[in-house]
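Peer 1: Below is one structure. I have some questions about it.
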Amino acid sequence: MLEIGGLLPFTTIDYPGKLAAVLFCQGCPWRCGYCHNRHLIPTVSGAAVPWLEIITLLRSRCGLLDAVVFSGGEPTMQAGLSDAIRKIRGMGFMVGLHTAGPFPERLLECLPLLDWVGMDIKSSFDEYERITGVPGSGEVAEKSAELVRHSGIPHQFRTTLDPYLQAEGRMEAMQRMVAAWGETLILQEMNHMPKN
């Protein structure tokens, strides 16, 4: 159903207050210089985890886990995301999404199916192209942030503590931007997806 590049069977930090498994979706349209999961950037991976294996594992975790989080890479890059979310919800799990917001139309499609969203903010929106290497990335990220803000779904805006973002007042500019929305920018340490 989805191209999954990796699976974390248990985490207490990827969905606030919940015990969760994380599915790392393959593929990302952006090329952020500080990306900590570069092996997930290609759309297809030779190390993909079969969907049936994921479903089998999750069935064995029913009653033990609260939630499943779709992370990446960038989950909204895959057309099958909403169907996969429905499948997981049908198993009785809450569903979370980690996204950077490059596909606001697909995010809008998925939002009614989600219980929580963690949106990664890369920089101030006017600097996105410098970070992602993709023209127009700031505009789509800003649109996605607005969708998340007004969705009524519990969410966080967060960023990774990369040295580049901590220089020349970039982090402070991001914090002011998110504070203007009446929210707090969550700062997170760099961590890597476990390799299979």
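Peer 1: How about segment 140-173: which of its residues are over 18 Å from the mean Cα position of the chain (by Cα) and either surrounded by 14 or more Cβ atoms within 10 Å (Cβ to Cβ) or assigned to a helix (DSSP H, G or I) (or both)?
Peer 2: Selection gives Y164, L165, R170, M171, E172, A173.
Peer 1: Please state which of the following conditions I121 fails to meet, knowing it meets all the rest: (1) β-branched (V, I, T); (2) buried (at least 21 other Cβ atoms within 10 Å of the Cβ); (3) touching a Gly at 6+ places or on another chain (Cβ under 8 Å).
Peer 2: For I121, the exception is condition (3).
Peer 1: Just a yes or no: is a residue in segment 87-97 at pLDDT 95 or above and within 26 Å of E139 (Cα to Cα)?
Peer 2: The answer is yes, given that some residue of segment 87-97 is at pLDDT 95 or above and within 26 Å of E139 (Cα to Cα).
Peer 1: Counting only residues that are among the aromatic types (F, W, Y) and more than 13 Å from T160 (Cβ to Cβ), which one in segment 24-45 is surrounded by the most Cβ atoms within 10 Å (Cβ to Cβ)?
Peer 2: F24
Here is a yes/no grid of residues against (1) hydroxyl-bearing (S, T, Y); (2) more than 18 Å from L23 (Cα to Cα):
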{"site": "V68", "(1), (2)": "no, no"}
{"site": "I85", "(1), (2)": "no, no"}
{"site": "P112", "(1), (2)": "no, yes"}
{"site": "W116", "(1), (2)": "no, no"}
{"site": "E129", "(1), (2)": "no, yes"}
{"site": "P135", "(1), (2)": "no, yes"}
{"site": "G138", "(1), (2)": "no, yes"}
{"site": "S144", "(1), (2)": "yes, yes"}
{"site": "L147", "(1), (2)": "no, yes"}
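Peer 1: Find the residue count for segment 72-102, including only residues that are in contact (Cβ under 8 Å) with a residue 40 or more places away in the chain and either closer than 17 Å to L40 by Cβ or surrounded by fewer than 24 Cβ atoms within 10 Å (Cβ to Cβ) (or both). Don't jump to the end; show me each part of the working.
Peer 2: Filtering segment 72-102 for residues in contact (Cβ under 8 Å) with a residue 40 or more places away in the chain gives 72-75, 77-78, 80-81, 83-84, 87, 94, 96, 98-102.
Cutting the leftovers down to either closer than 17 Å to L40 by Cβ or surrounded by fewer than 24 Cβ atoms within 10 Å (Cβ to Cβ) (or both) gives us 72-75, 77-78, 80-81, 83-84, 87, 94, 98-102.
Counting residues in segment 72-102 that are in contact (Cβ under 8 Å) with a residue 40 or more places away in the chain and either closer than 17 Å to L40 by Cβ or surrounded by fewer than 24 Cβ atoms within 10 Å (Cβ to Cβ) (or both) gives 17.
Peer 1: Of the residues in segment 109-120, how many are closer than 14 Å to R149 by Cα and assigned to a helix (DSSP H, G or I)?
Peer 2: 2
The values are calculated or read from the model by the stated rules, or taken from the named source; none is laboratory data. Treat the numbers as computed from the prediction; the structure is a model and nothing was measured. Backbone-built Cβ (ideal geometry, glycine too); neighbour counts: all protein chains shown.
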